[in-house]
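All remarks here apply to the structure that follows.
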Amino acid sequence: MTKIPFKAVVVDMDGTFVDKNNQFNRTEFKEILAQLQANGIHFIAASGRPAARLADDFKGFNDHVDFVADNGAVLVRDQKVIQATAYSKEAVLKMTKIIQDYFPKALPVTLISGGKHTYCLKSIPEDKKKMMFFFYPNTVEIDDFANLPDDTYTKVTISYPYYIGKDIAREYNQICDEKTEFKTSGFENIDLVPAGVNKGIGLKEMLKYLQVKPNEIIAFGDSGNDIEMLEMTDMSYCMANGTDEAKKAAKFEAPSNTDDGVFKVLKKYLQE
């Protein structure tokens, strides 16, 4: 058997590892994960999803999967948060005020990710609630963002067309010393994260803990918030369903997420 040319597998979730029903073949994953472990290879989920959602996604496998969550803001190793890059509460309140002033229709579909809970307004539309509560299972509804409790705030997510992200970030950065930048998953969800936070930077920090070099990973992604991690390694794959910018950043193309693309590529390496 040829030596496997990577020491860690890194996968994005939406549009990459899970299908359109937010599922993956758990039986096949169990088999592949066992093979990876037998060869001392780590498995990392790098996602815009919060750690609580990823823990539910990988229920039954959490002892063997590490997370780069919230687009790189939160690192989870051995089911413990080992690093979190956060806004102050004051900064989050300034951001929600800007959303209220400039894009009031976006405020009811805004979520604030905290270490203890995710927070949303009670005015969240019913048609958005099911989806948003799926991705943020520990969500607490409050009357007003001004009543936010003390927490570790890592991300602000808005279920709204991505074009407003640039405007919000610009207005916020003009009045706040804690800078921000925005990411989009390509699903009309905007993630506003502390400046300098992205999956690539978060992944590099995780790899230090694992004692794995960036060029010793195989990475899979499909959209703009995956670019930094796809550019880290020569073993980078964009899914067939991915965006043009993600395909440009990756070295190779994998079958689509609905065709078990990640599993097909990994099995090829494991069977060689």
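The values are calculated or read from the model by the stated rules, or taken from the named source; none is laboratory data. Bear in mind that the values here come from a model prediction, so they are computed numbers and not experimental data. So basically every Cβ, Gly included, is an ideal-geometry build from the backbone, and we count neighbours across all protein chains shown. Please note that ligands, DNA and RNA were not included when accessible areas were found on the heavy atoms of the full protein model with its side chains. Shrake-Rupley method; radii C 1.70, N 1.55, O 1.52, S 1.80 Å.
For the chain, modelled as a Gaussian network with Cα springs under 10 Å, which listed residue fluctuates most, L93, L111, L54?
L93
What's the extension gain from A195 to E272 if we count 0.36 nm per residue and subtract their Cα-Cα distance? Each step should come with its number before you reach the end.
On the way: separation 77, 0.36 × 77 = 27.72 nm, distance 4.15 nm.
Here the segment from A195 to E272 would lengthen by 23.6 nm.
Describe numerically, in nm with one decimal, the distance between label points set 7 Å from Cα along Cα→Cβ at F252 and at E28.
1.6 nm
Mind putting a number on the dipole of the chain about its Cα centre? Charges go on the C-beta only, +1 for Lys and Arg and -1 for Asp and Glu, and I need it in Debye to the nearest 20.
I would put it at about 380 debye.
If I fit a long axis through the Cα atoms of helix 26-38 and take the longest principal axis of the Cα atoms of the chain, what angle between them do I get, 0 to 90°, rounded to 10?
Once rounded, the angle reads 60 degrees.
For the pair F134/F61, report the inter-label distance in nm, with labels modelled 7 Å from Cα in the Cβ direction.
Output for this residue pair reads 1.8 nm.
Would you pull out the residues with amide H under 5 Å of R49's amide H, same chain only if 5 or more places away, H placed 1.01 Å from N?
Distant-sequence amide H within range of R49: D70, N71.
In debye to the nearest 20, how big a dipole does segment 123-272 give about its Cα centre with +1 on each Lys and Arg Cβ and -1 on each Asp and Glu Cβ? Before the final figure, lay out each step's value.
On the way: 18 positive and 27 negative charges, 124 e Å.
For segment 123-272, the charge dipole is close to 600 debye.
Ignoring ligands, DNA and RNA, what percent of the accessible area of the chain is carbon or sulfur (1.4 Å)? Don't skip to the end; give the middle numbers.
Details: 6040 of 12510 Å².
Ligands and nucleic acids excluded, carbon and sulfur give 48 percent.
Just to be sure I understand: with springs between alpha-carbon atoms less than 10 Å apart, which residue in L203, L192, L36 has the highest mean-square fluctuation in the Gaussian network model of the chain?
Maximum fluctuation in the GNM of the chain, among the listed residues, is at L36.
Would you look at the GNM of the chain, springs on alpha carbons closer than 10 Å, and say which of N21, N225, N241 moves the most?
N21
Using a Förster radius of 35 Å, what is the FRET efficiency between K105 and E231 based on their Cβ-Cβ separation? Nearest 0.05, please. Numbers along the way, then the final one.
Values: r = 35 Å, r/R0 = 1.00.
Using R0 = 35 Å, I get an efficiency of 0.50.
State to the nearest 20 debye the size of the charge dipole of segment 79-187 about its Cα centre, where the only charges are +1 on K and R beta carbons and -1 on D and E beta carbons.
Dipole size: approximately 340 debye.
As an exercise, use a Förster radius of 25 Å and the Cβ-Cβ distance of E90 and K122 to find the FRET efficiency, rounded to the nearest 0.05. Provide the component values of the computation, followed by the final result.
Working: r = 23 Å, r/R0 = 0.92.
E(calc), rounded to 0.05, equals 0.65.
Could you work out how much longer the chain between I82 and Q37 gets when fully extended? Use 0.36 nm per residue separation minus the Cα distance between them, nm to one decimal. Walk me through the intermediate numbers first.
Working: separation 45, 0.36 × 45 = 16.20 nm, distance 2.16 nm.
Length difference between fully extended and current span is 14.0 nm.
Along segment 249-260, what does the Karplus equation 6.51 cos²θ - 1.76 cosθ + 1.60 (θ = phi - 60°) give for ³J(HN,Hα), rounded to whole Hz, x for Gly and Pro?
Computed from phi, the couplings for segment 249-260 are 6, 8, 8, 9, 10, 9, x, 5, 5, 7, 10, 6 Hz.
Taking H as built 1.01 Å from N, whose amide H comes closer than 5 Å to the amide H of A8, not counting residues under 5 places away?
Those qualifying (amide H under 5 Å, at least 5 residues apart or on another chain) are H42, I218.
Taking only protein heavy atoms into account and a 1.4 Å probe, give the accessible area per residue of the chain in Å².
Numbers: 12510 Å² over 272 residues.
Accessible surface, normalised per residue, equals 46 Å².
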